[in-house]
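S.K.: Sharing a structure with you now.
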Amino acid sequence: MLLATVSEFVRMLTDEYETVDLDNLALLDAFFLFFREFVTPKDLFLILRARFDEQPPLCLEMIQLSNWIRYQTIVKLHVVRMISTWLDRYYLAAPDFAILKSISRFADTVASDRNLPQHAAILLQTHLRTCLNGEKGQQHNVVLQQIIDLGTSNAQEYRPTKFEPFIPVLQQASERSRSLADILIFHNKGGAEELARGLTVIESQIFHRCTPLDLVGYVEGQSHPVFEKMQRWSAAVNLFVSQCILERRDTEARAQAFELFVEVAVLCKTIRNYSSALSLMLGLQTSRISRLREMMSLVSERHLAMLAGLGGFFNFRGSAQWQNYRDDLRSQHSPAVPLLVVVQADVIKIKAAREVVRNKYIPKSHNTPTGKLIDIHMYRKLRNVVRELESCYAPYKLRVPDNSFVTRWLYMSIRPFEDKDYETYDRKYHEESKKIEPPPPAIDRRSWVQDELWALGYWD
């Protein structure tokens, strides 16, 4: 089924024959994740209650009436199951608290129904009580919290780096001189890892500004603030790489800075900060950096191979676009900073497909809150995106405080570039690159045919 109204969808999920399909578990998950987009909690409860209260058709014979009662009893159990699942796993206090009194009265009706087993009412009342007591749904629904807890238990605990003992000394020196530390200080052992952890702290904070559901379910026609923030930060990291390399006075120092950023990018990818890894890699591959042949000749083969490996991993061309990244992200249920540019592209593609379905299949008359046709297939796909993001939503255990020297140094160094026009600074750094290594003179490639035509006066 591609399209259904809320009422039809509820009927399908509470039908004796439909609910035996295990695939409905994914449908139920998608429905409760996104139902607030197309129906209010109050209207959904009224639809479920109406399904529970359905009466038999008139003039049924005794055998038919007996079969109908048996069927309706199963329907009632499925309705109770749906409401219990809602309260147990998907309840959010802010939008759902107002209907708890109505559900409480419904629980009394379930308890007084002689055709229903007693445990049905007990189950419903238990979940209702936890919601009324404020034990659920204050920040996340139970499903997301369970996923976060699992990711937290799987999170790797990182040991101190060899660079960590030098950080207090750097901090004191920085405070005395009131200037930022030089990037090549981090060329020492453990420095690249400190930078990778600092970038991960910053980008993880951006990713956690909203839940995956909020990120995927943003209003169409508008760009989510988290997407915009991550795009600006990624562009700023790109420019920061160019600045740190091009401001070096000699070729060897530029090569050292280049190698340092390669190591930081690889370490970011290792700790599943894919966003920083990609931004650093793209910064190193820009023409303003890659054209510096003298510098590149001093970069070790090992670092060039590491950079090439990153390029193969972040394959964003061809039929296998982003496949290595997707496989690696799904391979572990642990903290990560995903590529939000890929998430955004996936969501846009999924929602664009809905427009095709809407224009082809949905009559214009379906515009009432409970009669509006829903693209079930789209919400199932969006559900997969949400669950994939949630699997990496747990916090890191990096041993790096939010206000650590390295984190603050990185933020203070990169943040100013967010307010700059990328194209302007791209041209600026390209000109600086040309000053460091001027381009070779243009070669006159006129052929003898052109010389003859010149002689014959074909051109003035």
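S.K.: Of the numbered conditions (1) over 18 Å from E432 (Cβ atoms); (2) open to solvent by less than 20 Å² (accessible area, probe 1.4 Å); (3) touching a residue at least 40 places away in the same chain (Cβ under 8 Å), L284 satisfies every one except a single condition; which is it?
M.R.: (1)
S.K.: Scan region 268-282 residue by residue and report those that are charged (D, E, K, R) and in a helix (DSSP H, G or I).
M.R.: Of region 268-282, the ones charged (D, E, K, R) are 269, 272.
Passing the criteria: only K269.
Residue by residue, here is whether (1) over 21 Å from S413 (Cβ atoms); (2) at pLDDT below 95 holds:
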| residue | (1), (2) |
| --- | --- |
| V201 | no, yes |
| G217 | yes, yes |
| K229 | no, yes |
| A255 | no, no |
| V264 | no, no |
| L267 | no, no |
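S.K.: Applying the selection to region 58-76, what residues are among the aliphatic types (A, V, I, L, M), open to solvent by less than 60 Å² (accessible area, probe 1.4 Å) and in contact (Cβ under 8 Å) with a residue 12 or more places away in the chain?
M.R.: Those that are among the aliphatic types (A, V, I, L, M), open to solvent by less than 60 Å² (accessible area, probe 1.4 Å) and in contact (Cβ under 8 Å) with a residue 12 or more places away in the chain: I74, V75.
S.K.: When you go through (1) of a type in the set (S, T, Y); (2) in contact with a helix residue (DSSP H, G or I) (Cβ under 7 Å, 6 or more places away or on another chain); (3) over 23 Å from G134 (Cα atoms) one by one for S84, which number turns out not to apply?
M.R.: (3)
S.K.: Now for a separate question. Checking E193 against (1) farther than 21 Å from M296 by Cβ; (2) modelled with pLDDT of 90 or more; (3) open to solvent by less than 20 Å² (accessible area, probe 1.4 Å), which test does it fail?
M.R.: In the conditions (1) farther than 21 Å from M296 by Cβ; (2) modelled with pLDDT of 90 or more; (3) open to solvent by less than 20 Å² (accessible area, probe 1.4 Å), E193 misses (3) alone.
S.K.: Among the residues of region 382-421, which ones are part of a loop (DSSP other than H, G, I, E, B), open to solvent by less than 20 Å² (accessible area, probe 1.4 Å) and aliphatic (A, V, I, L, M)?
M.R.: If the condition is that a residue be part of a loop (DSSP other than H, G, I, E, B), open to solvent by less than 20 Å² (accessible area, probe 1.4 Å) and aliphatic (A, V, I, L, M), then A394, L398 are the ones that fit.
S.K.: Oh, and also: With the requirement that a residue be closer than 25 Å to L33 by Cα and surrounded by fewer than 17 Cβ atoms within 10 Å (Cβ to Cβ), what does region 144-166 give you?
M.R.: Q145, Q146, D149, L150, T152, S153, N154
S.K.: Just to verify a result, which residue in region 3-35, among those that are touching a Leu at 6+ places or on another chain (Cβ under 9 Å) and not in a helix (DSSP H, G or I), is modelled with the lowest pLDDT?
M.R.: Step by step, filter region 3-35, then rank; the result is D21.
S.K.: Shifting gears a bit: Given Y325, Y379, which one is surrounded by 13 or more Cβ atoms within 10 Å (Cβ to Cβ), assigned to a helix (DSSP H, G or I) and modelled with pLDDT of 90 or more?
M.R.: Among Y325, Y379, only Y325 is surrounded by 13 or more Cβ atoms within 10 Å (Cβ to Cβ), assigned to a helix (DSSP H, G or I) and modelled with pLDDT of 90 or more.
S.K.: Out of (1) more than 26 Å from S433 (Cα to Cα); (2) surrounded by 18 or more Cβ atoms within 10 Å (Cβ to Cβ), what's the single condition that is false for S242?
M.R.: Every condition holds for S242 apart from (1).
S.K.: Among the candidates E247, E294, single out the residue that is farther than 23 Å from V385 by Cβ, without any contact (Cβ under 8 Å) to a residue 24 or more places away in the chain and open to solvent by 50 Å² or more (accessible area, probe 1.4 Å).
M.R.: Exactly one residue qualifies, and that residue is E247.
S.K.: Go through (1) closer than 23 Å to R330 by Cβ; (2) assigned to a helix (DSSP H, G or I) one by one and return the number of the condition R197 breaks.
M.R.: Here R197 meets the rest and fails (1).
S.K.: Only one of I83, I122 is of a type in the set (V, I, T) and open to solvent by less than 30 Å² (accessible area, probe 1.4 Å). Can you tell me which? Before the answer, list the steps.
M.R.: Numbers: I122 fails: open to solvent by less than 30 Å² (accessible area, probe 1.4 Å).
Of I83, I122, the one residue that is of a type in the set (V, I, T) and open to solvent by less than 30 Å² (accessible area, probe 1.4 Å) is I83.
The values are calculated or read from the model by the stated rules, or taken from the named source; none is laboratory data. Note that the structure is predicted; figures quoted are calculated from it, not measured. All Cβ positions, even for glycine, are placed from backbone atoms using ideal geometry, and neighbour counts span all protein chains on display. Note: areas computed on protein heavy atoms with side chains; ligands, DNA, RNA excluded. Shrake-Rupley method; radii C 1.70, N 1.55, O 1.52, S 1.80 Å.
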